[in-house]
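First comes the structure, then the notes that go with it.
The values are calculated or read from the model by the stated rules, or taken from the named source; none is laboratory data. This one's a predicted model, so the numbers in the text were calculated from it and none came from an experiment. Backbone-built Cβ (ideal geometry, glycine too); neighbour counts: all protein chains shown.
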Amino acid sequence: MSARRFEGQVVVVTGAAQGIGRGVALELAREGAQLVLADRAQLVEEVAAEVQALGALALVSRVDLETWAGAEQLVAAALAAYGRVDVLINNVGGTIWAQPYQEYTPEQIEAEVRRSLFPTLWCCRAVLPDMVARQQGVIVNVSSIATRSIYRIPYAASKGGVNAMTASLAMEHAQDGIRVNAVATGGTEAPPRR
Ligand SMILES: NC(=O)c1ccc[n+]([C@@H]2O[C@H](COP(=O)([O-])OP(=O)(O)OC[C@H]3O[C@@H](n4cnc5c(N)ncnc54)[C@H](O)[C@@H]3O)[C@@H](O)[C@H]2O)c1
């Protein structure tokens, strides 16, 4: 029997269209959450249909979370629909190029950091005013064991940044009743990226 640990809670999942984000969204739906599924890919509509088939609410937000404007739009949509965000799961990220560091171009390095650090920075910043005002909230950042791995230095640096902001934000907002944690995911079986 599935526990209903998220009954009535408003949960935002970023990068929900596939992979870990999709799996998290479906499990949250089974456990009673009301979801906001954020992704820039059209595929997220399919996940919304799967969530709804499980009997849960799913609002889709098609945004580019490499931008502050996208993060602002996501949180505004969540607040307009549900009036609050109880849990934010920052899942957007992922290595784009795996290769020795000296082979990365400056453009590739910037693209990796934009993919794997900025979405979490932007979304935390966007959601905090609501959580601080209500003196409660939970943020879960999806990090990686790759902070100590080779051939993906810009990704490792980005996830190291995610870990640093997780610890620092947790301390900054403990007195506001906001918990901030990260999971350092290892190699995860997921269907090939679509
Ligand atoms: N898959 C693994 O083995 C593994 C291991 C360690 C950590 N992780 C981490 O887990 C998280 C999810 O990984 P995954 O493999 O499931 O990813 P994935 O590539 O399968 O899915 C990521 C989703 O994020 C979306 N996305 C990407 N950039 C976006 C943007 N700018 N705005 C909005 N949506 C955007 C994509 O469209 C996609 O649907 C990432 O943070 C990754 O670094 C994954």
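Is there a residue being over 30 Å from Ile150 (Cα atoms), assigned to a helix (DSSP H, G or I) and either within 11 Å of the ligand (Cβ to nearest atom) or in contact with a strand residue (DSSP E or B) (Cβ under 6 Å, 6 or more places away or on another chain) (or both) anywhere in segment 93-111? Explain how you work it out, then say what you get.
Of segment 93-111, the ones over 30 Å from Ile150 (Cα atoms) are none.
No, every residue in segment 93-111 fails to be over 30 Å from Ile150 (Cα atoms), assigned to a helix (DSSP H, G or I) and either within 11 Å of the ligand (Cβ to nearest atom) or in contact with a strand residue (DSSP E or B) (Cβ under 6 Å, 6 or more places away or on another chain) (or both).
Can you tell me which residue among Ala16, Ala41 is closer than 23 Å to Arg115 by Cβ and touching a strand residue (DSSP E or B) at 6+ places or on another chain (Cβ under 6 Å)?
On the way: Ala41 fails: touching a strand residue (DSSP E or B) at 6+ places or on another chain (Cβ under 6 Å).
Answer to the selection: Ala16.
Among Arg5, Arg40, Arg30, which is the only one that is basic (Lys, Arg) and within 16 Å of the ligand (Cβ to nearest atom)? Walk me through how you get there before you give the answer.
Details: Arg5 fails: within 16 Å of the ligand (Cβ to nearest atom); Arg30 fails: within 16 Å of the ligand (Cβ to nearest atom).
Matching residue, one of Arg5, Arg40, Arg30: Arg40.
List every residue pair whose Cβ atoms lie under 6 Å apart, where the two residues are 6 or more positions apart in sequence or sit on different chains, the first residue falls within segment 170-194 and is touching a residue at least 60 places away in the same chain (Cβ under 8 Å), and the second residue, located anywhere, is among the small types (Gly, Ala, Ser) and within 14 Å of the ligand (Cβ to nearest atom).
Cβ pairs passing all conditions: Thr185/Ser144; Ala190/Gly19.
For segment 1-17, name all the residues that are assigned to a loop (DSSP other than H, G, I, E, B) and not hydroxyl-bearing (Ser, Thr, Tyr). Steps first, answer last, please.
Initially, segment 1-17 is screened for residues assigned to a loop (DSSP other than H, G, I, E, B), giving 1-9, 15-17.
Those that are assigned to a loop (DSSP other than H, G, I, E, B) and not hydroxyl-bearing (Ser, Thr, Tyr): Met1, Ala3, Arg4, Arg5, Phe6, Glu7, Gly8, Gln9, Gly15, Ala16, Ala17.
Would you mind stating whether Pro119 is out of contact with any Pro (no Cβ under 7 Å at 6 or more places or on another chain), within 21 Å of Gly70 (Cα to Cα) and without any contact (Cβ under 8 Å) to a residue 40 or more places away in the chain?
No; evaluated as a whole, the condition is false for this residue.
Arg84 is checked against (1) in contact with a helix residue (DSSP H, G or I) (Cβ under 7 Å, 6 or more places away or on another chain); (2) within 13 Å of the ligand (Cβ to nearest atom) and fails just one. What number does that condition carry?
(2)
Only residues that are out of contact with any Lys or Arg (no Cβ under 9 Å at 6 or more places or on another chain), part of a helix (DSSP H, G or I) and within 15 Å of the ligand (Cβ to nearest atom): list them for segment 49-71, please.
Hits for segment 49-71 are Val51, Ala69.
I'm trying to understand the selection: among the residues of segment 36-48, which are closer than 23 Å to Glu7 by Cβ and part of a strand (DSSP E or B)?
Within segment 36-48, the first condition is being closer than 23 Å to Glu7 by Cβ, and the residues that meet it are 36-38, 47-48.
Residues satisfying the conditions are Val36, Leu37, Ala38.
Yes or no: segment 44-67 includes at least one residue that is among the aliphatic types (A, V, I, L, M) and in contact (Cβ under 8 Å) with a residue 60 or more places away in the chain.
No - not one qualifying residue is present in segment 44-67.
Answer with yes or no whether Met165 is away from the ligand (no atom under 13 Å from the Cβ), in contact with an Asp or Glu (Cβ under 8 Å, 6 or more places away or on another chain) and aliphatic (A, V, I, L, M).
Numbers: away from the ligand (no atom under 13 Å from the Cβ): yes; in contact with an Asp or Glu (Cβ under 8 Å, 6 or more places away or on another chain): no; aliphatic (A, V, I, L, M): yes.
Considered against the rule, which asks whether it is away from the ligand (no atom under 13 Å from the Cβ), in contact with an Asp or Glu (Cβ under 8 Å, 6 or more places away or on another chain) and aliphatic (A, V, I, L, M), Met165 comes out as no.
Return the residues of segment 18-35 that are closer than 22 Å to Glu189 by Cα and not in a loop (DSSP other than H, G, I, E, B); say none if nothing qualifies.
Result: Gly19, Ile20, Gly21, Arg22, Gly23, Val24, Ala25, Leu26, Glu27, Leu28, Ala29, Arg30.
Any residue in segment 14-39 that is under 20 Å from Arg194 (Cα atoms) and surrounded by fewer than 21 Cβ atoms within 10 Å (Cβ to Cβ) sitting within a Cβ distance under 7 Å of a residue that is of a type in the set (Lys, Arg) and modelled with pLDDT under 95? List the pairs, counting only those 6 or more apart or interchain.
Gln18/Arg193; Gln18/Arg194; Gly19/Arg193
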